[in-house]
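Below is one structure; the comments refer to it alone.
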């Protein structure tokens, strides 16, 4: 900073050549949903160029970066620390550093943490770029063979049995194809409830999409429940079912 002497006092003089600190950009980067090769060239370029990568779980994030020979600092942003991690992201951006946000699989924010961060970025007016990538929701929808003209993504249904059945009863009236996600340890309960609410509705269950051992199961909910009522599930699942016949 330049100084000038004015009437015996030292006063600041604005340096007209000084440049404001350029803020960094947050890149929301889609990553593979299973097969590590399902990542775009643009996503790889962004991950290599960013100063730091925020991931959902260190183990999963490190595995992805290692698979593509990317050496970048990793920090966590998950459902347990999203508020605190958001402040760290903002601090990096204000320092002019680019930050990448990834999830364990697929697009961040969709059934994953990150929405709070996105809202803060928009409120602060900071640069934000979404780098699209794989989605288990769309992959399953395309593979289902059901109508894709219109569809409803209903996410994860309630853990509470009574509330989950009420949600299924409402979804049974949908005319659009419905897409649900579920965890391995609640999938049997979901199939049981769906079979009770709409036994003859045609459905598709996608298991471990894009992996060598992916499996695909079609049938009515009654048939799927009968097939899997004694099964133990592992992995990732997407459930699609047809809209109500008109």
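For the range 26-131, give me the percentage of DSSP beta bridges that are antiparallel, rounded to the nearest 5 percent. Of the beta bridges lying entirely in the range 26-131, close to 5 percent run antiparallel.
Considering only beta bridges that DSSP places wholly inside the chain, some 55 percent are antiparallel.
With a/c under 1.5 counting as rounded, go ahead and sort the range 167-219 into rounded, prolate or oblate using the C-alpha gyration tensor (a ≥ b ≥ c being the square roots of the eigenvalues; past the cut-off, prolate if a/b is larger than b/c, else oblate). Since a/c reaches 1.5 and a/b is larger than b/c, the shape of the range 167-219 is classed as prolate. Taking the centroid of alpha carbons for each part, the range 189-246 and the range 166-180 are 14 Å apart.
The mean sequence distance of close C-alpha pairs (under 8 Å, at least 6 residues apart), as a share of the length of the chain, puts its relative contact order at 19 percent. For the range 136-241, the antiparallel share of DSSP beta bridges with both residues in that region comes to about 75%.
Helices in the chain, meaning DSSP H runs of at least 4 residues, each add -39500 (n - 2.57). Divided by all residues, the mean residue ellipticity at 222 nm is -9500 deg cm²/dmol.
From the coordinates of this entry, mean projected area of the Cα convex hull in nm² is computed, and it appears in (1) 12.7; (2) 15.7; (3) 18.6 under the label (3).
Every read-out reported here was derived from the displayed coordinates using simple, explicitly stated rules and does not represent laboratory data. Keep in mind that what you see is a predicted model, and the values were worked out from it rather than measured.
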